[in-house]
1. In which sequence would Met177, Met125 go, from the one with the fewest C-beta neighbours within 10 Å to the one with the most?
2. Order by neighbour count: Arg73, Arg123, Arg93, fewest other Cβ atoms within 10 Å first, most last.
3. Rounding to the nearest 10 and keeping the result within 0 to 90°, find how far the Cα-based axis of helix 194-213 lies from the longest principal axis of the chain.
4. If you wrap the chain's Cα atoms in a convex hull and average its projection over all directions, what's the area in nm²?
5. Any chance you could give the angle, 0 to 90 degrees and rounded to 10, that helix 68-84 forms with the longest Cα principal axis of the chain?
6. What is the distance, in nm, between label points placed 7 Å from the Cα along the Cα-to-Cβ direction at Arg25 and at Lys223?
7. Which whole-angstrom value gives the distance between the alpha carbon centres of the stretch 164-224 and the stretch 59-100?
8. Could you work out how much longer the chain between Gln89 and Glu138 gets when fully extended? Use 0.36 nm per residue separation minus the Cα distance between them, nm to one decimal.
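What follows is calculated from the coordinates using simple rules that are stated; it is not laboratory data. Quick caveat: nothing in here was measured; it's all calculated off a predicted structure. Positions of Cβ are generated from backbone atoms using ideal geometry, with glycine treated the same way; all protein chains shown enter the neighbour counts.
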Amino acid sequence: MFYSCITRLAVTVKLSPAEQDGLRRTFETANGACDWIGEQAWHHQTFRQLALHKLVYYQVRERFGLSAQMAVRGIAKVVDAYALDKRTQRMFRTDGAFPYDARILSWDLESETVSLWTVEGRRRMPFECGDGQRTLLERQQGESDRIYHRQAFYLATTSNVDVAEPQAVDDYLGVDMGVANLASDSDGRRYSGSAVKNVRWRNRKLRARWQAKQTRWAKRRLKKLAGGESRFARHVNHCISKQIVATAKGTGGGIRMEDLKGIRTRVQS
């Protein structure tokens with residue numbers, strides 16, 4: 001098979017909970033440094049990477065105890081934030097994502113561990129991933145963002161993936177998005193959204209019941225329920241998209257998003 005280009009896919013892995021305290025302190029320190037850098041950049045109206053580096057580099061290392069590269073990544077994060085909007089001073093949450101590059105983070109896929117900088121020095125810690133993620137990590141390239149979400153730490157990075165050369169097609173499978181039917185194609189197939197709707201109504205009733213109780217057990221159940229609905233909807237959407245791709249591939253056609261007006265008059269029930 002010939003490949004015409006390379007695309008980048010995101011990969012997210014979960015870090016071991018054993019290092020929670022050290023990672024949390026590192027988050028607070030790094031983002032506290034970004035907050036201070038952002039204040040200096042706003043005060044001096046200095047938003048370019050080199051100029052801001054000269055202004056704050058030595059001070060931020062001394063004030064927050066960061067390594068050289070952590071200070072550089074913190075300055076880059078502030079510059080990226082101001083690139084979006086220079087009209088207001090940028091603020092940074094203590095648990096916001098922080099970028100790591102190859103100088104302060106390295107991957108060891110054989111032992112499924114990462115070595116990264118923390119306020120307690122360089123630490124090696126295990127990560128959790130599936131077979132698909134491990135395959136993608138073999139071609140990992142670029143920065144990795146350290147993320148704190150729901151009392152857990154994650155690393156999000158990107159990997160290079162070969163993309164097959166596009167094939168010429170004579171016909172297209174039209175696909176229209178909806179609510180009652182999450183998708184409908186021009187061959188008359190409908191992909192129902194009833195499963196997602198049922199889960200949404202069930203969760204709404206459970207959420208109302210547990211919120212009224214206000215007990216410790218109810219709060220634990222609410223916490224467990226949070227995010228489950230969106231994960232289920234994402235899973236259903238993924239399965240539908242795979243079916244649509246398989247249908248188009250089986251007929252040798254492409255896929256085109258369209259407004260399928262009049263489909264009910266063209267297709268028999």
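1. Starting with the residue having the fewest Cβ neighbours, the order is Met177, Met125.
2. Final ranking by Cβ density, sparse to dense: Arg93, Arg123, Arg73.
3. It works out to around 50 degrees.
4. With every direction weighted equally, the projected area is 21.1 nm².
5. With rounding to tens, the tilt is 50 degrees.
6. That separation, rounded to one decimal, is 2.3 nm.
7. Result: 37 Å between the Cα centres.
8. Answer, rounded to one decimal: 13.7 nm.
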